[in-house]
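The values are calculated or read from the model by the stated rules, or taken from the named source; none is laboratory data. These numbers come from a predicted model, not from an experiment. Cβ placement follows ideal geometry from the backbone for every residue including glycine, while neighbour counts extend to all protein chains displayed. Calculation scope for accessible area: heavy atoms of the full protein, side chains included, ligands and nucleic acids excluded. Shrake-Rupley method; radii C 1.70, N 1.55, O 1.52, S 1.80 Å.
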Amino acid sequence: MDARDILIKPIVTEKSTALMEEGKYTFQVPLNVTKIEIRQAVEQVFNVKVQAVNTMRYEGKMKRLGRTQGRRSDWKKAIVTLKPGETIELFEG
């Protein structure tokens, strides 16, 4: 799997923006990816050193529209902590 396929998209919320000040960046990743693969992908794509990776799995919610019922996909979130002094320029505004 290519490094750019591992990092699906950055998650930008109030909480994740506050974590960026601490050097923690949040990404949505595929369900079958390990912490080691996430670390290697971030280091390769952004050219930074990663200190730690924390992951969380989320179950998709049930949604309704009229009589039809569906379910959102399950997804996984990774919070990547960079070593002190490292930043990702993509998020710097």
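Pairing residues of the range 41-56 that are within 17 Å of Met20 (Cβ to Cβ) and without any contact (Cβ under 8 Å) to a residue 60 or more places away in the chain with residues that are hydrophobic (A, V, I, L, M, F, W, C) and surrounded by fewer than 18 Cβ atoms within 10 Å (Cβ to Cβ), at Cβ distances under 7 Å and at least 6 apart in sequence or on separate chains, gives Val45/Ala3; Phe46/Ile88; Val48/Ile88; Asn54/Ile79.
Selection within the range 1-13: residues that are in a loop (DSSP other than H, G, I, E, B) and closer than 19 Å to Lys49 by Cα. The member of this set that is least open to solvent (accessible area, probe 1.4 Å) is Leu7.
Residue-wise test of (1) open to solvent by less than 100 Å² (accessible area, probe 1.4 Å); (2) out of contact with any Phe, Trp or Tyr (no Cβ under 9 Å at 6 or more places or on another chain); (3) modelled with pLDDT under 95.
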{"position": "Val50", "(1), (2), (3)": "yes, yes, no"}
{"position": "Val53", "(1), (2), (3)": "yes, yes, no"}
{"position": "Arg57", "(1), (2), (3)": "no, no, no"}
{"position": "Gly60", "(1), (2), (3)": "yes, no, no"}
{"position": "Arg64", "(1), (2), (3)": "no, yes, no"}
{"position": "Asp74", "(1), (2), (3)": "yes, no, no"}
{"position": "Thr81", "(1), (2), (3)": "yes, no, no"}
{"position": "Ile88", "(1), (2), (3)": "yes, no, yes"}
{"position": "Gly93", "(1), (2), (3)": "no, yes, yes"}
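Scanning the range 14-41 for residues that are part of a loop (DSSP other than H, G, I, E, B), over 21 Å from Lys83 (Cβ atoms) and open to solvent by 70 Å² or more (accessible area, probe 1.4 Å) yields a single hit, Asn32.
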